[in-house]
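Okay, here's the structure, questions in a sec.
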Amino acid sequence: MLDTIAAVVLAESFYVSVMKELVVAFGAALVVGNVLAMIRKQPADGEDGTTTLVRAPVWRSVLFVLMGLVMVIWGLASILR
């Protein structure tokens, strides 16, 4: 009986720790991806057949960076607690 309870507790803590790490990873990916999107210009076809460079929408990218930072901070605080 105690073995099964210990296995359930260990399994639960494993899944909880993986979820915390995933929150940090997705938040970091949001931050890095959107910062790179703001820095780099993406090529797009113009009307006359030439290639023009388009910049990512700044407000959306800033919002996603802030959301990613909140996720990273929250996840790290949960891991270190």
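The values are calculated or read from the model by the stated rules, or taken from the named source; none is laboratory data. None of these values were measured; they are calculated from a predicted model. Every residue, glycine among them, receives a Cβ derived from its backbone with ideal geometry; neighbour counts consider all protein chains shown.
Out of the residues in segment 65-75 meeting the condition of being in contact (Cβ under 8 Å) with a residue 40 or more places away in the chain and surrounded by 16 or more Cβ atoms within 10 Å (Cβ to Cβ), tell me which one is farthest from Ala37 (Cα to Cα).
Gly75
Scan segment 1-41 for residues that are at pLDDT 70 or above and among the polar types (S, T, N, Q) and jot them down.
Of all residues in segment 1-41, those at pLDDT 70 or above come to 13-41.
Scanning segment 1-41 gives Ser13, Ser17, Asn34.
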